[in-house]
Structure formats: C-alpha cells, structure tokens
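Please treat every number below as a calculation from the coordinates, not as lab data. This one's a predicted model, so the numbers in the text were calculated from it and none came from an experiment. Note: ideal-geometry Cβ built from the backbone for every residue, glycine included; neighbour counts use all protein chains shown.
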Amino acid sequence: MLKKLIDGQTCASCRICCEYDDSDVWDAPGFTQDEWDRAKIADRFTWCKKGDLYYLDMEKDRDGLYHCPCLSESGCILGDKKPFRCALWPLYVVRNGEGLYFAVSDVCPQVFSMDDEKILSGIESVANIIRETVKKDPSLIEDFQANYRILANINEVG
Ligand code: SF4
Ligand code: SF4
C-alpha cells in the first residue's frame, strides 16, 4: 500500500517491523476476520483469537526477539494479503481528540526521517482506500502513542 514511500532494499536490511521485543510485542498485528479468511494461514501456523482479532503465536528467540512467522528471507509471505495494520505500517490511523489522523511511528527509521509533506504525498493515491477501510472497520483505528508523530487529518489527504 505504501510502495511510493518504502524502499524494499532498505527494509531487507532492517526488518524491524516484523520482529518484536517485550516492549512492543503488544503491537504485533491482529488479523480481522476478513483478513484472516483471506490470508488462509490457519493450517500453517499456531494462533489464538483475542476478542475479534486473530494473532499468530510467536516464540521468543535467544536474543529476546519474537519473529512473525510470516516473515521469510524474501519478506512477508502474505504479499498483498497481509493485514491492514501491516500494509499501512509505519503509518497509523489514530484518534486524536474528536478527529482521525494519519500518524507515523518513530520505530521505522526510513519513513520517520521524511518530512510530513513527503509522507503525505506518498499516500495521496491510497488515502481514500484507507478512509473507507477504517470506516468499514473502526477497530482498525489505533490510540495515539507517545512515539507517533501526527501528520494530518485523514480527510485532508488525497
Ligand atoms: S521498520 Fe521501516 S525500514 Fe524497517 S523494515 Fe519496516 S518499513 Fe522497512
Ligand atoms: S504479517 Fe507480514 S508484514 Fe505483518 S508482521 Fe508478519 S511478516 Fe510482517
């Protein structure tokens, strides 16, 4: 979804967003029912359901990291069937006061270092899809976190 912003070669040597430690494993993506059905991975990995979302089990390795089992040497095996939260990463749609805003996480060194204008121009063409997706499923809207930077109201992009 964010192909205009993210350079795959930079990601190949980073991979931060598909690996977690104890401080951010809570942020591992949950799959909505539609996303889970589309991904067709229920027979391939162990998983659990919390509330309305499906989560893949992740074992902690010797370095204290949890790796998403969908991460392969060549990237995410789900391709365009990855969940919305992954497709939108490192951006989020967050509630802030009465409005909904695009925000960027400081965990992604590649995109967080760009100025707001560059990030927003990179999502202009998909802003409407994002708006429609969160309208259809408001559970995809996140709470604002201290390490996010607010970019713009979602209705003012695209
Ligand atoms: S954190 Fe950013 S740079 Fe690193 S792999 Fe994820 S999208 Fe790529
Ligand atoms: S589903 Fe794919 S993009 Fe999402 S965390 Fe797992 S490997 Fe990364």
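Label zone (Q33, point 7 Å along Cα-to-C-beta; backbone nitrogen cut-off 19 Å) within segment 114-154: 133-141. For C108, what residues show an amide H to amide H distance below 5 Å, using hydrogens built from the backbone and excluding near sequence neighbours? Amide H neighbours of C108: none. Counting only Cα atoms, the size of the chain along its three principal axes is 41, 33, 27 Å, in decreasing order.
Translational D (Stokes-Einstein, µm²/s) of segment 73-134 at 20 °C and 1.002 mPa s when Rh comes from the Kirkwood sum over C-alpha pairs? For these conditions, the coefficient is 166 µm²/s. Measuring r between the beta carbons of I141 and D106 and using R0 = 22 Å, the FRET efficiency lands at 0.65. Ordering T10, T32, T133 by the number of other Cβ atoms within 10 Å of each residue's own Cβ, fewest first, gives T10, T133, T32. The angle separating the long axis of helix 127-136 from the principal Cα axis of greatest extent in the chain is about 60 degrees. For segment 14-143, relative contact order (Cα pairs under 8 Å, six or more residues apart, normalised by length) works out to 21 percent. Near the amide H of F144, within less than 5 Å, lie the amide hydrogens of R95, all on another chain or at least 5 residues away, with H placed in the peptide plane.
Given the -39500 (n - 2.57) contribution per DSSP H run of 4+ residues, what per-residue ellipticity at 222 nm results for the chain, rounded to the nearest 500 deg cm²/dmol? Value at 222 nm, helices only: -6000 deg cm²/dmol.
Reported to the nearest whole Å, the Cα centre-to-centre distance from segment 3-69 to segment 85-156 is 19.
With neighbours defined as other Cβ atoms within 10 Å of a residue's Cβ, the residues E35, E132 order from fewest to most as E132, E35. Extending 7 Å from Cα along the Cβ direction at S121 and again at K3 yields two label points whose distance is 2.0 nm.
From least to most packed, judged by other beta carbons within 10 angstrom and beginning with the fewest, D7, D27 follow the order D7, D27. Holding the Cα-Cα limit at 26 Å, pick out from K3/K81; K82/K118; K81/K135; K3/K60 the pairs that are longer than that. Long pairs (Cα-Cα over 26 Å): K3/K60.
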